[in-house]
Amino acid sequence: MEYFNSQKFLIHTGVILLSVVFYIILLKLKPSFFKKLSEVVNRKKILKDIEQNTGTLLKVFLLLVVINVLLDVPFIEKYAKEILKKPILSTEALKISLFSFLKGLVVFYVLLLLTKLLRDSVRLYLIYKARGKEIVSSVDILIYNFSLLLIVLITLSVMGISWKLLIPIAGALGIGIGFGIQDIVNNFVSGFIILFSRTVKRGDWITLGDKFGRIVDIGIRTSTLRTLDNIDIIIPNSRLISGELINWSYTDNIVRLHIPVGVSYSSDIELVKNTLLDVADKSSVVLDSPPPEVRFIEFGDSSLNFELLVWIDIKKIPVPLAKSDINFEIWNAFKKNGIEIPFPQRDVWFKNELIIKKAPKG
């Protein structure tokens, strides 16, 4: 055949041979490269994912080179052009053939692989630079969502779907937003606001309404709050930015707790103060600095009301558990020192003389 004696055949053969040689060289260099990288960054799982995705990407590129060369062979191109490039759907805004459809699938798969490599590489870099887990998580979510949107748009374009078709779809979507999915869009936008403003981060302990827990995941539409009972509460992102919440670890992990306690009027207030300070000094959950305080709050109806103020590290122990531990220690210390914790008492006065009659026998 004329093709095998032509210059085109030599070019095609050279391209395939160079691609195979390049592929083999990269495969040989890959293990040593990742071995050296693992000595710098000790993240075996991420490195393993990057290595696997890199190997897959190299195989895909080699396969694409071979396929493109084969499709350029004259006698294959003649038949392939008739079958692959024959329009399946052809309108002003839509021109799809079997070739464009397959090309779109390949582009979608390759871009997904590149996105995975980009995400893992950025995570590895941020970890190497000793950035916090919250920053790594936020950046990863942003890269994933923006990349996914870009991949879909590129894939549709490669398949032959033009902007003329997308504009009416966008208009219909706008009407849908106006009538039925405002909350979804609101939560979606709120997710990006949270990721950019970082008012709430993964790992933060928060109080939202009557719920206390730790943020374990921040998604684009919802976030997950895990309570001390290991119950996951799915919260729409709009609630995290439109309402009031307490973020116990927003700027600092060190917070102060107020522990109220009442004692009887017959108690020695100096003994009460010293006992509370002694409890704080001996407690394993209370920090030495800043020092604890005791405040005499008020003269109550049935008790003298004090307040023990202590500092804790919320990353080490949640607020409810810290309060519980300190209350146990206060109770034991008060019993040991003979300090009475009173219960509410009332004096009842009768306006008329009280007459007690005995019930008749039998």
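The values are calculated or read from the model by the stated rules, or taken from the named source; none is laboratory data. These numbers were taken from a predicted model, which means no experiment stands behind them. Every residue, glycine among them, receives a Cβ derived from its backbone with ideal geometry; neighbour counts consider all protein chains shown.
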Quick test of your reading of the structure: residue 288 fulfils all but one of (1) acidic (Asp, Glu); (2) in contact with an Asp or Glu (Cβ under 9 Å, 6 or more places away or on another chain); (3) touching a residue at least 12 places away in the same chain (Cβ under 8 Å). Name the failing condition by number. (3)
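Just for the stretch 32-47: of the residues that are farther than 11 Å from residue 117 by Cα and under 23 Å from the mean Cα position of the chain (by Cα), which one is modelled with the highest pLDDT? Step through it out loud before you land on a result.
Just the residues of the stretch 32-47 that are farther than 11 Å from residue 117 by Cα, to begin with: 32-45.
Checking which are under 23 Å from the mean Cα position of the chain (by Cα) leaves us with 41-45.
Values: 41: 66, 42: 67, 43: 68, 44: 72, 45: 76.
Ranking the qualifying residues of the stretch 32-47, first place goes to 45.
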Whether any residue in the stretch 251-271 is surrounded by fewer than 19 Cβ atoms within 10 Å (Cβ to Cβ), over 30 Å from residue 332 (Cα atoms) and among the polar types (S, T, N, Q) is what I want to check. yes
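Per-residue answers, yes or no, for (1) of a type in the set (D, E, K, R); (2) surrounded by 13 or more Cβ atoms within 10 Å (Cβ to Cβ):
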| position | (1), (2) |
| --- | --- |
| 323 | yes, yes |
| 330 | no, yes |
| 337 | no, yes |
| 344 | no, no |
| 349 | no, no |
| 358 | yes, no |
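Residue 252: of a type in the set (Asp, Glu) and under 30 Å from residue 188 (Cα atoms), yes or no?
Against the criterion (of a type in the set (Asp, Glu) and under 30 Å from residue 188 (Cα atoms)), residue 252 qualifies.
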When both residues are 6+ apart or on different chains and their Cβ atoms are under 9 Å apart, which pairs have a first residue that lies in the stretch 237-251 and is in contact (Cβ under 8 Å) with a residue 12 or more places away in the chain and among the small types (Gly, Ala, Ser), and a second that is assigned to a loop (DSSP other than H, G, I, E, B) and surrounded by 18 or more Cβ atoms within 10 Å (Cβ to Cβ)? 249/201; 249/204; 249/314
Given the criteria modelled with pLDDT under 80, out of contact with any Ser or Thr (no Cβ under 6 Å at 6 or more places or on another chain) and part of a helix (DSSP H, G or I), does residue 22 qualify? no
Since residue 343 meets every condition but one in (1) of a type in the set (A, V, I, L, M, F, W, C); (2) in contact (Cβ under 8 Å) with a residue 40 or more places away in the chain; (3) part of a loop (DSSP other than H, G, I, E, B); (4) within 30 Å of residue 225 (Cα to Cα), which condition does it not meet? (4)
Within the stretch 302-316, how many residues are surrounded by fewer than 16 Cβ atoms within 10 Å (Cβ to Cβ) and closer than 13 Å to residue 284 by Cβ? 2
Tabulated pairs, the stretch 258-269, first within 8 Å of residue 339 (Cα to Cα), second among the aromatic types (Phe, Trp, Tyr) and part of a strand (DSSP E or B), C-beta under 9 angstrom, 6+ apart or interchain: 263/306
From the list 238, 223, exactly one residue is of a type in the set (S, T, N, Q), assigned to a strand (DSSP E or B), touching a helix residue (DSSP H, G or I) at 6+ places or on another chain (Cβ under 9 Å) and over 23 Å from residue 307 (Cα atoms). Which is it? 223
Qualifying positions in the stretch 189-211 - among the polar types (S, T, N, Q) and in a helix (DSSP H, G or I): 190, 197
Yes or no: residue 224 free of Cβ contacts under 8 Å to residues at least 24 places away in the same chain and β-branched (Val, Ile, Thr)? yes
Filter the stretch 9-54 for residues that are loosely packed, with under 13 Cβ neighbours inside 10 Å and among the small types (Gly, Ala, Ser) and give the result. 14, 32
Pairs with Cβ under 7 Å, 6+ apart, first in the stretch 57-76 and without any contact (Cβ under 8 Å) to a residue 40 or more places away in the chain, second aliphatic (A, V, I, L, M) and surrounded by fewer than 13 Cβ atoms within 10 Å (Cβ to Cβ): none
Condition check: assigned by TED's automatic domain parsing to the domain that holds residue 318, in a helix (DSSP H, G or I) and touching an Asp or Glu at 6+ places or on another chain (Cβ under 9 Å). Does residue 279 satisfy that? yes
Being in contact (Cβ under 8 Å) with a residue 40 or more places away in the chain and of a type outside the set (Val, Ile, Thr) is the requirement here; does residue 324 meet it? no
If we keep just the residues of the stretch 87-123 that are touching a Lys or Arg at 6+ places or on another chain (Cβ under 6 Å) and of a type in the set (A, V, I, L, M, F, W, C), which is modelled with the highest pLDDT? 99
